[in-house]
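Colleague: Sharing a structure here in structure tokens format.
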Amino acid sequence: MPSAPQNDTPAPAQMPSSDENHLRESLKRCSAATVEAAVRYRQSKDPGLISSIVLGIVERFLEPSAAQKLKEPDDDLRVMEDLGLDSLTLMEAVILIEEVVQISINNDELRNLRTIGDIRVFIDHKARGLPPPEPSKVLPIEEIAATVPQQHPFLFLQEATLSGGWATGTYTISGEEAFLAGHFKDNPIFPASILLEAMGQLAVLFMLRAPSPQLEAPVDPKTILFTGCEGVRCHRVCRPGDVLRLSVKPKRLRMPIATFEGQIRVGQEKAVIAEEISLTFGFAIQDEPGTPPEQA
């Protein structure tokens, strides 16, 4: 009779009871699920557990109202602005993550961790022994306006954060936007078409400034044009005073078409999602090395 197949997967190593007790003591203010994930990680080094550990440790340092925002994890959540952690408390959280995951983070690296997504991706790279991801670029309104072809009064980005994998941005509806006087009379509502325009502008900014390996050459801003939008759903009316938090993620960047998925939130509420935003574009013409300048 043939023997039963052998399972070659090694069993998780058992932690010494003293180490496990110390780990549980360090995490005593975290949820039971976070503690168990940490114990399993220390036994197995399974990187799939890191996300739960990071979220659980961050939650331990939050006020109850802010902790509710982590119930539906959002990589775009800003640690300081949205979750209310000051720099000292953030450092405490990172020190605890270092202890649990057994990695080391220096102060220069810590300064680049602005969002939940930044922290999760960075810790995952560290734990796997991979090179740290490129730090996100934070662009103020002045740099945005100097980059994109859209300008005031038709620029709907006030700050943006760019990485190789996505872009986020913010826009506060002031109520002074001229079109709100007629949309609608005595009932100003930010048009859905302008919400789509704002996501499109963030996609344009990504193409012009983000370090994306999908783009093999610089894009000419004069060539970027909107071509279509699919799978749009509006979930919430947006009014003066609302802070729009936009995010876009590239799906395909291959000349002459770029496609993105995007969403806008107000607080933790979805305002609008777009499954596919399409833009057409071309690359900037590069001068050949040694080409003499044109004669006047």
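The values are calculated or read from the model by the stated rules, or taken from the named source; none is laboratory data. All values reported here derive from a predicted model rather than from experimental measurement. Here the Cβ positions follow ideal geometry from the backbone for every residue, glycine too, while neighbour counts run over all protein chains shown.
Colleague: What's the number of the only condition in (1) of a type in the set (A, V, I, L, M, F, W, C); (2) modelled with pLDDT of 90 or more; (3) over 19 Å from Cys30 (Cα atoms) that Val138 fails to meet?
Modeller: Failing condition for Val138: (2).
Colleague: Kindly indicate which of Leu208, Leu196 is in contact with a Pro (Cβ under 7 Å, 6 or more places away or on another chain), at pLDDT 95 or above and not in a loop (DSSP other than H, G, I, E, B).
Modeller: Within the list Leu208, Leu196, the selection yields Leu208.
Colleague: Within the stretch 256-285, restricting attention to residues that are of a type outside the set (Gly, Ala, Ser) and not in a strand (DSSP E or B), which residue is farthest from Asp186 (Cα to Cα)? I'd like the intermediate steps shown before the answer.
Modeller: Going through the stretch 256-285, the residues of a type outside the set (Gly, Ala, Ser) turn out to be 256-257, 259-261, 263-266, 268-270, 272-273, 275-277, 279-281, 283, 285.
This time we only want the ones that are not in a strand (DSSP E or B), so: 256, 268, 281, 285.
On the way: Pro256: 43, Gln268: 27, Phe281: 40, Ile285: 49 Å.
Filtering the stretch 256-285 for residues that are of a type outside the set (Gly, Ala, Ser) and not in a strand (DSSP E or B), the one farthest from Asp186 (Cα to Cα) comes out as Ile285.
Colleague: Output the residues belonging to the stretch 244-255 that are farther than 19 Å from Phe179 by Cβ, assigned to a strand (DSSP E or B) and touching a strand residue (DSSP E or B) at 6+ places or on another chain (Cβ under 9 Å).
Modeller: Residues satisfying the conditions are Arg245, Ser247, Val248, Lys249, Pro250, Lys251, Arg252, Leu253.
Colleague: While we're here: One residue is enough: does the stretch 157-172 have a residue meeting the conditions assigned by TED's automatic domain parsing to the domain that holds Cys234, at pLDDT 95 or above, in a loop (DSSP other than H, G, I, E, B) and among the β-branched types (Val, Ile, Thr)?
Modeller: The answer is no; no qualifying residue exists.
Colleague: Another one. Residues in the stretch 140-151: is at least one in a loop (DSSP other than H, G, I, E, B), polar (S, T, N, Q), without any contact (Cβ under 8 Å) to a residue 24 or more places away in the chain and not assigned by TED's automatic domain parsing to the domain that holds Lys45?
Modeller: yes
Colleague: Here is a further query. Could you pull out every one of the helices (runs of 4 or more DSSP H) wholly within the stretch 26-105 that has 2 or more residues that are within 19 Å of the chain's Cα centre (by Cα) and surrounded by fewer than 20 Cβ atoms within 10 Å (Cβ to Cβ)?
Modeller: The qualifying helices (runs of 4 or more DSSP H) are 50-60, 64-67.
Colleague: Out of curiosity, is Gly262 of a type outside the set (Val, Ile, Thr), crowded, with 21+ Cβ neighbours inside 10 Å and closer than 27 Å to Glu72 by Cβ?
Modeller: Here the answer is yes, as Gly262 does meet what is asked.
Colleague: Kindly indicate which of Met207, Met199 is outside the structural domain of Arg78 (by TED's automatic domain parsing), closer than 17 Å to Ile264 by Cα and surrounded by 15 or more Cβ atoms within 10 Å (Cβ to Cβ).
Modeller: Values: Met207 fails: closer than 17 Å to Ile264 by Cα.
Exactly one of Met207, Met199 is outside the structural domain of Arg78 (by TED's automatic domain parsing), closer than 17 Å to Ile264 by Cα and surrounded by 15 or more Cβ atoms within 10 Å (Cβ to Cβ), namely Met199.
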